[in-house]
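Each remark here refers to the structure printed beneath this line.
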Amino acid sequence: MTKALLLIDLQNGFCPGGNLPVADGDAVVPVANRLMRDGGYDLVIASQDWHPSNHGSFASQHAGKKPFDMGELSGQPQVMWPDHCVQDTPDADFHPALDVSRIDHVQRKGENPKVDSYSAFRDNDRAALTGLAEFLRSKNVTELDLLGLATDYCVRFSALDAVEMLPGVRVRLIADGCRGIDPKGVEDALSAMADAGVEITDSSRIGI
Ligand code: VGL
Ligand code: ZN
């Protein structure tokens, strides 16, 4: 029995002042800190969106595209994002208030410029794995709770992959520990996760 907490992309880039800010994104940092301290977890993992400066999800790499337009990347539909979480820049750093001393393992993603990687488990085209599923299996994880940014992108796809790639593991989303980009997208994400078997819970129900 190993209980793990997965923190998705708690980076400056997704917080107010960052390059792809999620409204109120920094409000989830205290939730993460409290759960790392009091949640009774055996293992804490944090994912980090970690793009090269020429990443193909950036509107800046596509002539005539503006951020949030739809475009294509390697023949697949792709949201054109503002440049964000570029490797070794402050935008990619964890939020300064996050208690990184309690993180056991960091999983980076989004390094291949030709494909985006919302999920902490694998690229959007599902071809390349990050190794996170294998890591969690090697630690005999039986329960995985997750929270972070953004509910409608990286949290959603990470939770769905957790259910699919870790059969038998209880997967729970800590809803008050998440914030999203688009309200309708958040609503769709919550129902897609619930339909897939993700339990939706709240941090007030965890720990002391
Ligand atoms: C994310 C869009 C682009 C996320 C990452 O962390 O949800 N969203 N890259
Ligand atoms: Zn990204």
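The values are calculated or read from the model by the stated rules, or taken from the named source; none is laboratory data. Predicted model only: the values in this text are computed from it and were never measured. All Cβ positions, glycine included, derive from the backbone under ideal geometry; neighbour counts span all protein chains shown.
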Query - Subset of the stretch 155-189 that is among the basic types (Lys, Arg) and part of a helix (DSSP H, G or I) - its residue that is nearest to ASN140 (Cα to Cα) - result: ARG156
Query raised in the report: Is there a residue being within 12 Å of ligand 2 (Cβ to nearest atom), closer than 30 Å to LYS3 by Cα and not hydrophobic (A, V, I, L, M, F, W, C) anywhere in the stretch 39-47?
Result: yes
**Report entry** Lone qualifier among GLY168, GLY110, GLY131, GLY207 - being on the phi > 0 side of the Ramachandran plot and in contact with a His (Cβ under 7 Å, 6 or more places away or on another chain)
**Finding:** GLY110
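With the condition kept exactly as written, say whether any residue in the stretch 101-123 is modelled with pLDDT of 95 or more, among the β-branched types (Val, Ile, Thr) and within 16 Å of ligand 2 (Cβ to nearest atom). Even if it seems obvious, please write down each step before you answer.
Of the stretch 101-123, the ones modelled with pLDDT of 95 or more are 101-123.
Pick out the ones that are also among the β-branched types (Val, Ile, Thr) and you get 103, 106, 115.
Cutting the leftovers down to within 16 Å of ligand 2 (Cβ to nearest atom) gives us 106, 115.
Within the stretch 101-123 (the criterion being modelled with pLDDT of 95 or more, among the β-branched types (Val, Ile, Thr) and within 16 Å of ligand 2 (Cβ to nearest atom)), the answer is yes, since at least one residue qualifies.
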Report task. Report yes if LEU166 is without any contact (Cβ under 8 Å) to a residue 40 or more places away in the chain and surrounded by 24 or more Cβ atoms within 10 Å (Cβ to Cβ), otherwise no. Result -> no
Report summary line: Condition set surrounded by 22 or more Cβ atoms within 10 Å (Cβ to Cβ), of a type in the set (Asp, Glu) and without any contact (Cβ under 8 Å) to a residue 60 or more places away in the chain, scope the stretch 121-161, selection farthest from ligand 1 (Cβ to nearest atom): answer is ASP161
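Whether any residue in the stretch 10-30 is within 18 Å of the chain's Cα centre (by Cα) and either on the phi > 0 side of the Ramachandran plot or aromatic (Phe, Trp, Tyr) (or both) is what I want to check.
Yes.
Listed residues ARG108, ARG102; which is under 30 Å from SER204 (Cα atoms), surrounded by 15 or more Cβ atoms within 10 Å (Cβ to Cβ) and more than 15 Å from the chain's Cα centre (by Cα)? Don't jump to the end; show me each part of the working.
Working: ARG108 fails: more than 15 Å from the chain's Cα centre (by Cα).
The match here is ARG102.
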